[in-house]
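The values are calculated or read from the model by the stated rules, or taken from the named source; none is laboratory data. Because the structure is a prediction, the values reported are computed rather than measured. Here the Cβ positions follow ideal geometry from the backbone for every residue, glycine too, while neighbour counts run over all protein chains shown. Accessible surface is based on the protein model in full, side chains and every heavy atom, while ligands, DNA and RNA are left aside. Shrake-Rupley method; radii C 1.70, N 1.55, O 1.52, S 1.80 Å.
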Amino acid sequence: MKPAPRDNVRVAMKCIFIFCLFCVLATPAIGIGEEGDLSKARHLLLGGRYAEAAESYTPAAAKTPAAALGLARCLAAQGRTDEAVKTLSAGAGDHAELHAELARLAFQRGDYPEAKTRCAKALKLDEHQPLARWIRAELQRTAGRLDEAHRGYDELISYYNNHDIKRAESLRWIGLAAGRYAAWNRTAGQYHALVNDLYPAALKLEPGYWPAHYEAGRLFLDKHNRADAAREFQAALELNPNAAEVHVANARLAVADRDIEQAVASIDRALEINPRLLSAWRAKADLVWANFQPRATLRLLRKMALPLNPVSEETLGRMAACYVLLDGLGKPAGSTRFTRLVDEVTRRNPHAGDFYFALALALEDRNKQAEAIRFFRKAFEIMPRRLGPRSHLGLLHMRTGEEADATKWLNEAFEADPFNVRVYNTLNVLEVLDSMKTLETEHVVVKYDGRRDAIWARYAAKQLDAIYPELCRQFGYRPPGKPLLEVFNRAKGHDGQEWFSTRLIGLPYLGTVAASTGHMVAMVSPNHPGVRRRFNWARVLKHELVHVVTLQQTDFNIPHWYTEGLAVYCEDRPRPLPWDELLLQRVPEGKLFNLQTINFGFTRPQDSSEWQMAYCQAELYVEFMLSRFGSGAQRRLLAAYAEGLTTNEAIRRTLGISPRQFEQEYVGYLKKLVAAMPALKHPSRTDFAKLLQARRDRPNDADAAAELAYAYLRRTAKQEALEAARHALKLHPKHQLATYVLARLRIDAGHSDEA
């Protein structure tokens with residue numbers, strides 16, 4: 001289940017090129033004067049000391065091409081692209097490397113005609129110039145001339161095979177070509193060669209060449225090998241702490257680890273270094289998108305990302321996803337922003353696989369599963385050589401419970417790329433699912449471990465058959481297919497928690513015990529020895545079924561906070577003690593989520609208290625709406641989301657007030673709620689050992705006994721909590737904290753009336 005060490009993956013390597021780790025050959029160096037000064041400047045440039053490097057390069061830039069190139073890269077690294085182009089143009093003349101760099105900058109800003117012209121000039125001067133060859137192949141790819149692009153990548157590899165390379169930078173462009181070629185030709189063994197041979201060879205030639213670590217890290221991140229990716233990015237930043245591209249890569253890694261604060265900090269740092277870095281602006285837009293704000297995402301993409309490259313398929317794919325959410329897909333062709341954008345992109349590139357892939361990824365991130373599948377398929381159809389669509393299609397079909405389709409796509413993806421950790425793990429999950437028993441009832445389908453969980457599966461099926469029709473009546477909607485429940489126990493040497501997590505995300509990192517994708521529910525078996533906490537499993541099942549109904553009812557447009565709020569509310573249980581504690585602490589301090597921030601409390605919490613607070617506030621949003629707007633508000637809001645409205649639009653239409661007024665009244669509701677709590681003395685946070693000692697020192701002190709009872713309750717030591725609470729009440733029959741502990745214990749025992 002855990003990522004296998006990179007050296008342990010056994011794959012037959014079809015050699016595209018023959019690696020010679022200590023090769024030496026060459027591209028002619030440009031500029032031979034002032035070698036000492038230029039060497040020092042190069043060291044400063046690679047170390048990210050751009051201002052100092054520029055100062056060293058400037059005196060020689062007008063007469064020495066190497067100095068002009070170095071100065072231009074110092075400027076470009078800080079976002080001063082126009083100055084970089086001016087510097088290169090002034091000295092380009094008959095210097096192939098300067099024309100190649102101009103081609104690279106033109107390609108980055110979407111000026112493909114200029115990039116093509118500069119590539120031609122560079123290759124006329126030096127037919128083997130690696131950067132010019134790489135850019136020429138990329139120009140052909142973005143124009144839809146895939147055969148020509150394929151030959152371009154192959155030519156770079158052939159050049160490597162037949163020559164020794166003595167410049168680290170040349171190995172970078174060859175490595176990028178080799179990675180593209182490997183992806184297009186299913187020669188996955190070359191990824192192993194890239195990260196273990198080629199990029200280390202670049203570092204051997206030039207130990208400070210941080211892009212080698214960066215490119216290796218990107219390969220690992222693409223394969224969902226986060227540990228190795230993090231090590232490579234850290235190594236790159238140790239060489240150059242001002243490598244803006246690496247900070248963006250770290251932001252994406254932080255998002256994968258649910259550390260939004262770190263992601264924001266990394267993006268801000270990247271933009272501080274280079275305010276014109278396209279990848280940083282896209283990453284910033286992705287965070288806004290993840291917070292269910294398509295309009296704000298679209299504004300950010302238009303204002304900040306699009307001007308940097310108006311033809312970038314990755315940017316335009318994200319914009320297309322915004323149009324899908326805002327306008328829908330049901331209107332006639334040619335009449336929407338989405339279809340006009342599609343026409344524009346495909347006229348420029350009939351094989352715009354990157355556009356459709358970026359579109360599908362964004363929709364997948366917003367749980368628009370049917371639409372994401374549609375556009376991953378489109379990406380595959382028009383560009384079948386691209387690897388990504390296969391793996392994502394397989395994983396998406398797993399989320400929708402279509403495991404036969406998932407098997408087909410995942411097997412193809414693994415054959416093409418056995419280094420993708422999520423694909424490898426999910427194929428193992430499918431083997432476990434094949435060994436499970438199936439129980440189908442009138443309303444649900446349950447898969448379970450036939451040896452360990454047969455009795456529990458029958459109980460779960462009975463509960464689901466009772467709960468599900470009731471929920472469908474409550475929400476006024478019945479999904480077209482039967483919900484699927486999969487219960488995971490220990491198998492193949494891994495515990496049920498790992499299998500459950502991997503079933504949902506392809507990685508064994510989820511910390512909860514049950515979750516729903518909207519089409520199916522996965523959970524850890526209650527019989528699994530790793531489940532140490534006691535749960536009311538009937539409530540767990542009901543909670544997850546609410547997601548199945550509400551997500552499908554709204555075509556997955558319902559925001560995270562509302563489906564969670566409804567799910568918790570439908571559990572019909574008293575608010576947990578830790579939630580009241582959080583309310584007592586945070587409401588007076590004003591440290592609350594609002595509708596703009598609460599979704600991150602679920603998807604990217606900073607710690608467990610934020611996660612708990614998100615659930616608490618989500619339920620209270622539901623309670624507030626019901627008390628303020630009546631029972632019909634629930635269905636009206638769901639109907640608005642089903643139409644594709646945003647939260648602000650839905651509130652205005654269904655509740656008749658502005659979002660601002662809604663938030664103000666909600667905060668007022670919380671303040672009244674907390675004001676009703678002060679009669680209960682807020683428990684202290686005294687160290688447990690001190691509480692025990694206080695009880696021994698003051699055996700007739702009701703407060704000491706009650707505090708200890710509360711501490712036992714928090715530790716789920718129920719018998720000890722009961723004894724201490726009873727002792728406190730014997731000393732003080734109306735002691736509020738002891739009464740509260742006793743009531744909580746009666747609730748946990750299922751005796752709500754007594755509580």
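Observations on the structure shown:
- When segment 624-641 is filtered for residues that are crowded, with 17+ Cβ neighbours inside 10 Å and over 14 Å from Thr550 (Cα atoms), the ones remaining, listed by number, are Phe624, Met625, Phe629, Ala633.
- When Ala515 is tested against (1) part of a strand (DSSP E or B); (2) open to solvent by less than 10 Å² (accessible area, probe 1.4 Å); (3) of a type in the set (Gly, Ala, Ser), just one condition goes unmet, and that condition is (2).
- Selection status of Thr407, of a type outside the set (A, V, I, L, M, F, W, C), open to solvent by less than 30 Å² (accessible area, probe 1.4 Å) and in a helix (DSSP H, G or I): no
- Just one of the listed residues (Arg231, Arg258, Arg282) is farther than 29 Å from Ala72 by Cβ, touching a Ser or Thr at 6+ places or on another chain (Cβ under 9 Å) and open to solvent by 10 Å² or more (accessible area, probe 1.4 Å), namely Arg258.
The rows are residues; the columns are (1) open to solvent by less than 70 Å² (accessible area, probe 1.4 Å); (2) in contact with a helix residue (DSSP H, G or I) (Cβ under 6 Å, 6 or more places away or on another chain); (3) modelled with pLDDT under 85; (4) over 16 Å from Trp579 (Cα atoms).
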position	(1), (2), (3), (4)
Leu680	yes, yes, yes, no
Asp687	no, no, yes, yes
Lys690	no, no, yes, yes
Pro699	yes, no, no, yes
Ala702	yes, yes, no, yes
Ala705	yes, yes, no, yes
Leu708	yes, yes, no, yes
Ala717	yes, no, yes, yes
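- Against the test of being within 18 Å of Asp365 (Cβ to Cβ) and among the aromatic types (Phe, Trp, Tyr), the options Phe593, Phe602 yield a single qualifying residue, Phe602.
- The residues of segment 459-505 that are part of a helix (DSSP H, G or I) and among the aromatic types (Phe, Trp, Tyr), listed by number, are Tyr459, Tyr468, Phe475, Trp499, Phe500.
- Qualifying residues in segment 77-95 (those that are free of Cβ contacts under 8 Å to residues at least 60 places away in the same chain and of a type in the set (A, V, I, L, M, F, W, C)) - the one surrounded by the fewest Cβ atoms within 10 Å (Cβ to Cβ): Ala90
- Positions within segment 252-294 being in contact (Cβ under 8 Å) with a residue 60 or more places away in the chain, outside any helix (DSSP H, G or I) and either aliphatic (A, V, I, L, M) or more than 25 Å from Gly110 (Cβ to Cβ) (or both), in sequence order: Arg258, Asp259, Leu277, Asn291, Phe292, Gln293
The rows are residues; the columns are (1) touching a Lys or Arg at 6+ places or on another chain (Cβ under 8 Å); (2) β-branched (Val, Ile, Thr).
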{"residue": "Lys223", "(1), (2)": "no, no"}
{"residue": "Ala236", "(1), (2)": "no, no"}
{"residue": "Val246", "(1), (2)": "no, yes"}
{"residue": "Ala256", "(1), (2)": "yes, no"}
{"residue": "Glu261", "(1), (2)": "no, no"}
{"residue": "Ser266", "(1), (2)": "no, no"}
{"residue": "Glu272", "(1), (2)": "no, no"}
